[in-house]
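What follows is a set of notes on a single structure, which appears directly below.
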Amino acid sequence: MAAFQYNALNARGKEEKGVLEADSIRQVRQLLRDKGLTPLGVNPTRKKESADRFGFLADLFKPTLSVSERALVTRQLATLIGAGLPIEEALLAVSKQSEKPSIQSMMLTVRSKVMEGFSLANALGEYPRAFPNLHRATVAAGESAGHLDLVLNRLAEFTETQQESSSKVKQALVYPIILFVLTIMILGGLLGYVVPDIVKVFAESEQALPWLTIAVISTSDFIVDYGLLILVMLIVMIFCIRRVLQVPSVRLGYDHRLLAMPILGKLSRGTNTAQFASTLSILSSSGVPLVDAMKIAGEVLSNTWLRLKVTDATIRVSEGSSLSGSLEQSGNFPPMMLHMIASGESSGELDDMLARVARHQQQDADLLMSLLLSLFGPLMLIVMGGAVFTIVMAILLPIINLNQLVV
């Protein structure tokens, strides 16, 4: 059976959308009529590969899942499969549980692939953007080992941890971003509207102005005359920088220099090594061979320089070197991480030690991020207060001098 998306009118003339499983479009139309609906349109949720000449482009338009949605779907599948339900029934139950038509369609399409004889991992490959390589490789390992429910639970915990860390960062950024926007708006309003009106008063008095007032007036004139142009240039510059960083050689050099920076380098190294250790831990504990696990874990790294070093380390491991020794030769991984991995290799508890390394590195990265964010708020207050104080003093100084002349 295949999954079909439909549009239909109910008895009150209101349009409804949804997904149904059937053997053909004719059967879907009949099912809709049996429910008292008038079918308007019925289409399969996916096209056959033979009819798709641009499959690589079609993948870009396939539905995807957010981190929280992926965690929820994975947790539901783990619970249902752990309760003894067959995979196809678990997928059907997950599709009915979701309220989003895109997720319903996705789960029913995966179910149809499973019922055709494909493994769950291969069926999930129908939606590579929703289920990345890490997810599919781990599911494949769980299927081959016969512990799919346990593996799915690990995947759900891993995805939920990612979501929690991302949410913490986003929540912590709200206050600094609001302060930054307010600072820009206040300074722009003062320099663009308040200062020009006061300049007229000073011009009529024809008195000599203090250097601070002249500097503020010059800044105000510059913003009034070229403010919009500067904004457009900044947007264009940001766009150009992002385009340039998409060039592999440029991005590689940028990421290499980023790791050498005092604070940002430590933050980038911490988050990437934590992601690498966590991914490697879940893959290795699920039965994926270490070399294959390193290849997949290297792909999740955002820093291309570290990704290159992990690729080199993977080659050394495939040639017989130890994991800790291979990573140490790259010179980019923290000594604590290397010692803990070496201890895990010698004791035969590498999976557990990798999980500890991931927690340790993530805690250090979260602590540094929290420190930076806690400093950013007061810093923006100081900048805003100092700028407003400077503008106010630039306005008051000529008034004070004028009063002294009158006296």
Region 85-102: number of residues that are in a helix (DSSP H, G or I) and surrounded by fewer than 21 Cβ atoms within 10 Å (Cβ to Cβ) = 9
Within region 333-352, residues being closer than 18 Å to Ile282 by Cβ and surrounded by 21 or more Cβ atoms within 10 Å (Cβ to Cβ) number 4
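Quick one: count up the residues across region 182-208 that are farther than 17 Å from Gly227 by Cβ and at pLDDT below 75.
The qualifying residues number 10.
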Could you please tell me which pairs satisfy a Cβ distance under 9 Å, a separation of 6+ or placement on different chains, a first residue in region 295-313 that is over 10 Å from Leu252 (Cα atoms) and assigned by TED's automatic domain parsing to the domain that holds Arg257, and a second residue that is β-branched (Val, Ile, Thr) and part of a loop (DSSP other than H, G, I, E, B)?
-> Ile296/Val288
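Would you confirm whether any residue within region 353-368 is more than 24 Å from the chain's Cα centre (by Cα), more than 21 Å from Val169 (Cβ to Cβ) and surrounded by 13 or more Cβ atoms within 10 Å (Cβ to Cβ)? Walk me through how you get there before you give the answer.
Of all residues in region 353-368, those more than 24 Å from the chain's Cα centre (by Cα) come to 353.
Filter once more, so that each one left must be more than 21 Å from Val169 (Cβ to Cβ): 353.
Going one step further and asking which of them are surrounded by 13 or more Cβ atoms within 10 Å (Cβ to Cβ), we end up with 353.
The answer is yes, given that some residue of region 353-368 is more than 24 Å from the chain's Cα centre (by Cα), more than 21 Å from Val169 (Cβ to Cβ) and surrounded by 13 or more Cβ atoms within 10 Å (Cβ to Cβ).
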Tell me, which residue of region 312-332 that is at pLDDT 85 or above and more than 13 Å from Leu290 (Cα to Cα) is surrounded by the most Cβ atoms within 10 Å (Cβ to Cβ)?
-> Leu327
Are any residues in region 147-161 assigned to a helix (DSSP H, G or I), within 15 Å of Ser284 (Cβ to Cβ) and not basic (Lys, Arg), and if so, which ones?
-> Leu150, Val151, Leu155, Phe158
Considering every residue within region 38-49, establish whether at least one is at pLDDT below 75, touching a Leu at 6+ places or on another chain (Cβ under 8 Å) and assigned to a loop (DSSP other than H, G, I, E, B).
-> yes
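Could you identify the single residue in Leu91, Leu150, Leu124, Leu173 that is at pLDDT 85 or above, farther than 23 Å from Gly298 by Cα and not hydroxyl-bearing (Ser, Thr, Tyr)?
Leu91
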Qualifying positions in region 107-146 - touching a residue at least 60 places away in the same chain (Cβ under 8 Å), over 15 Å from Ile282 (Cα atoms) and crowded, with 18+ Cβ neighbours inside 10 Å | Leu108, Thr109, Arg111, Ser112, Glu126, Tyr127, Ala130, Phe131
Within region 77-98, is even one residue over 17 Å from Val139 (Cα atoms) and within 23 Å of the chain's Cα centre (by Cα)?
-> yes
Any hit, region 152-159, residues being surrounded by fewer than 17 Cβ atoms within 10 Å (Cβ to Cβ) and touching a residue at least 40 places away in the same chain (Cβ under 8 Å) | no
Does Leu245 satisfy the condition of being touching a Leu at 6+ places or on another chain (Cβ under 6 Å) and either modelled with pLDDT of 90 or more or not β-branched (Val, Ile, Thr) (or both)?
-> no
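The values are calculated or read from the model by the stated rules, or taken from the named source; none is laboratory data. What you see is a predicted model; the values in this text were computed from it and never measured. Note: ideal-geometry Cβ built from the backbone for every residue, glycine included; neighbour counts use all protein chains shown.
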